[in-house]
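The values are calculated or read from the model by the stated rules, or taken from the named source; none is laboratory data. It should be emphasised that the depicted structure is a prediction, and the values quoted were computed from it without experimental measurement. Backbone-built Cβ (ideal geometry, glycine too); neighbour counts: all protein chains shown. Ligands, DNA and RNA are excluded from the accessible area calculation, which covers all protein heavy atoms including side chains. Shrake-Rupley method; radii C 1.70, N 1.55, O 1.52, S 1.80 Å.
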Amino acid sequence: MTYLRLMELRQLRYFVKTAEILNFTEAASMLYISQSTLSQQVKQLEEELNTPLFDRIGKKVMLTEAGKLFLPYARQSIQNAEDGQHLLQDLQELETGELAIGVTYGLQALLTPALMEFSARYPRIKIIVASGPSLDLLEKLRQVQLDFVLSFTPAQKNDVLISQTLFESRLSLIVPVNDPLSARKSVDIKEVESLPLLMPSKAFNTRSFLDKMFEKNKIYPDIRMELSDISILLQLVATGRWYTVLTTASLVGQTAVQAVTITGKEMSRQATISWPANAYRKKAAMVFAEMLQQFGGE
């Protein structure tokens, strides 16, 4: 009975991968099995279900209507099995396992000290960090490729995602430490218009927020460069030729630049942590989230 159940779970994995790729040869390669084995296992699954899951027309492969309907249930069955495995791993008191974290570029600096502390406490837990735009990371979260995502996306709760606020971080003018503006306690948002700016690329959630703020205040910023790497952007600002606008959370560990508050009630952003709504939350993920709140509040 146990062997049969293992075989059924394996068949579901094979079916899901083939449904995602729609190519038996490529799916077999990604699963590290032969194409004949994959075809045989999928065929056996179809026989057990007494319905075809794929239409095979020459070299083209398409899901049948039954295949499309069955796919989410197959994914959920696999997820349930993996959740059970995670539960067992957690019983080992964080002595093993894997933690996959998604982080938007603007929160990478905050992540570094948390990674160092977590790794020191739980050295046997493998950590995988994926950086990218918020929308890309949240899509990976929906597909349960990540355990949680750190971003500036507004908190939400639905059938797919649940997110909560970690802390608030103000959007500030980022200036070199020796710049005349560094002596200021604050600047008005309209003053930003006259400054040569380097800005995050438009894929950033923060950039989208800033563009709306500029438009609302009828500001036409002098943007000289757009970059998708915050570390390089801050290095360039440190040269004294440009300025930027980022959240203060982006400056963790930075010594060559500093933040000058931009006045206005709407200049704060909420850093959030998002989880898959229907997946088991690993103990390691919850411990890491607690650490992030501590660092964010400093």
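The conditions are (1) touching a helix residue (DSSP H, G or I) at 6+ places or on another chain (Cβ under 7 Å); (2) open to solvent by 70 Å² or more (accessible area, probe 1.4 Å), and Leu94 fails exactly one of them. Which is it?
The one condition Leu94 does not meet is (2).
Can you give me the ranges of the helices (runs of 4 or more DSSP H) entirely in segment 203-298 with at least 3 residues that are in contact with a strand residue (DSSP E or B) (Cβ under 6 Å, 6 or more places away or on another chain) and over 27 Å from Arg142 (Cα atoms)?
In segment 203-298, 230-237 are the helices (runs of 4 or more DSSP H) which contain 3 or more residues that are in contact with a strand residue (DSSP E or B) (Cβ under 6 Å, 6 or more places away or on another chain) and over 27 Å from Arg142 (Cα atoms).
Can you find, within segment 60-74, the residue that is least open to solvent (accessible area, probe 1.4 Å) among those that are hydrophobic (A, V, I, L, M, F, W, C) and more than 15 Å from Phe24 (Cα to Cα)?
So the residue we want is Ala74.
Could you tell me how many of the residues in segment 126-137 are at pLDDT below 90 and open to solvent by less than 50 Å² (accessible area, probe 1.4 Å)?
Count: 3.
If you scan segment 225-248, which residues turn out to be open to solvent by 60 Å² or more (accessible area, probe 1.4 Å) and not polar (S, T, N, Q)?
Met225, Glu226, Asp229, Ile232, Arg241
Got a sec? Which strands (runs of 3 or more DSSP E) wholly within segment 106-176 have at least 3 residues that are within 30 Å of Gly264 (Cα to Cα)?
148-151, 161-176
Looking only at segment 214-224, decide whether some residue is surrounded by 15 or more Cβ atoms within 10 Å (Cβ to Cβ), within 22 Å of Gln254 (Cα to Cα) and at pLDDT 90 or above.
For segment 214-224, residues surrounded by 15 or more Cβ atoms within 10 Å (Cβ to Cβ), within 22 Å of Gln254 (Cα to Cα) and at pLDDT 90 or above: absent.
What's the number of the only condition in (1) surrounded by 13 or more Cβ atoms within 10 Å (Cβ to Cβ); (2) among the charged types (D, E, K, R); (3) touching a residue at least 60 places away in the same chain (Cβ under 8 Å) that Asp188 fails to meet?
Asp188 satisfies all of (1) surrounded by 13 or more Cβ atoms within 10 Å (Cβ to Cβ); (2) among the charged types (D, E, K, R); (3) touching a residue at least 60 places away in the same chain (Cβ under 8 Å) except (1).
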